[in-house]
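Structure first, then comments.
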Amino acid sequence: MKDYFRSILDKNFIISIILLLGGQGLLYVLVKLFQSNYHVFNYYIDNKIPFMPQFIIIYNLFYPMIFISFYNIFIHDKDTYYKGIIAGILGYVIADIIFLLYPVEMIRPDISNLNIDIINNFILQLTYKIDNPPINCFPSIHCIFCFQVLYSIIKCKNYKYKIINVFILFLIIISTLLVKQHYVIDVLGSLVVVIITNFI
């Protein structure tokens with residue numbers, strides 16, 4: 001058990017996870033400084049998907065789940081871990097280039113008078129406020145990282161709780177649609193990016 005927790009202090013893990021999560025955060029902020037002329041992907045299927053604000057908690061599980069999942073991959077299969085990190089970095093670089101060339105804006109529902117509990121309402125309001133304006137939707141960074149972790153988990157040797165992790169990650173991907181943070185094409189675009197980066 002001590003070895004399990006000691007691995008979190010491994011400098012290779014710390015540096016690589018900072019490059020993945022910190023690098024994307026920094027690049028995302030920089031890209032926003034050079035964007036204009038936003039586009040909208042509001043197709044028929046998107047209008048048929050219900051707005052379910054209760055999924056906002058699952059949507060925000062993204063942050064701990066990516067860290068925990070990659071940490072478990074690092075412990076059990078370092079080769080798969082480093083390949084996943086490199087593919088993830090390539091994925092967000094490709095995504096940020098697309099954000100610059102063709103920025104997509106999400107048309108969100110009015111959440112001023114929602115009939116939901118206080119906790120969900122607070123998290124939803126906070127999420128929308130932090131991620132404002134709602135741009136850089138295509139492809140979804142949320143989904144790129146989720147699909148990448150899914151692929152790495154499947155490839156990983158001796159990964160514990162694989163089914164539970166995969167189930168939660170799929171819920172997070174679905175939640176991006178249900179809380180109206182992304183369009184269906186954003187999710188599909190993310191899958192294509194992950195296929196390309198892992199092929200590379």
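Around residue 180, under 15 Å between beta carbons, what's the net of Lys plus Arg minus Asp minus Glu among the other residues?
Working: positive: 48, 108, 129; negative: 46, 105, 110, 131, 186.
Once all neighbours under 15 Å are counted, the net charge is -2.
Within straight cross-link reach of residue 162, meaning Cα distance under 27 Å, which lysines are found once same-chain residues fewer than 8 apart are removed?
Qualifying lysines at Cα under 27 Å: 2, 11, 78, 83.
Name the residues whose placed amide hydrogens come within less than 5 Å of the amide hydrogen of residue 105, ignoring near sequence neighbours (fewer than 5 apart) on the same chain.
Amide H neighbours of residue 105, under 5 Å, 5+ apart: 39, 40, 41.
Helix check for the chain. Which DSSP H runs span at least 27 Å along their own axis by Cα, with a mean Kyte-Doolittle hydropathy no less than -0.5?
Working: long enough: 78-101 (35 Å, 1.18).
Qualifying helices: 78-101.
With every protein chain left in place, what is the accessible area per residue of the range 74-146 in square angstrom, probe 1.4 Å?
48 Å²
Of the accessible area of the chain, with the probe set at 1.4 angstrom, what percent is carbon plus sulfur? Write down the numbers at each step before the final one.
Values: 7770 of 11040 Å².
The nonpolar share, carbon plus sulfur, comes to 70 percent.
Diagonalise the Cα gyration tensor of the chain and give the resulting equivalent ellipsoid semi-axes, square root of 5 times each eigenvalue, largest first, whole Å.
Working: eigenvalues 165, 80, 48 Å².
The equivalent ellipsoid of the chain has semi-axes of 29, 20, 16 Å.
The values are calculated or read from the model by the stated rules, or taken from the named source; none is laboratory data. All values derive from a computational prediction rather than experimental measurement. Note that each Cβ is placed from the backbone with ideal geometry, even for glycine, and that neighbours are counted across all protein chains shown. In case anyone asks, the SASA skips ligands and DNA or RNA and just uses the protein heavy atoms, side chains included. Shrake-Rupley method; radii C 1.70, N 1.55, O 1.52, S 1.80 Å.
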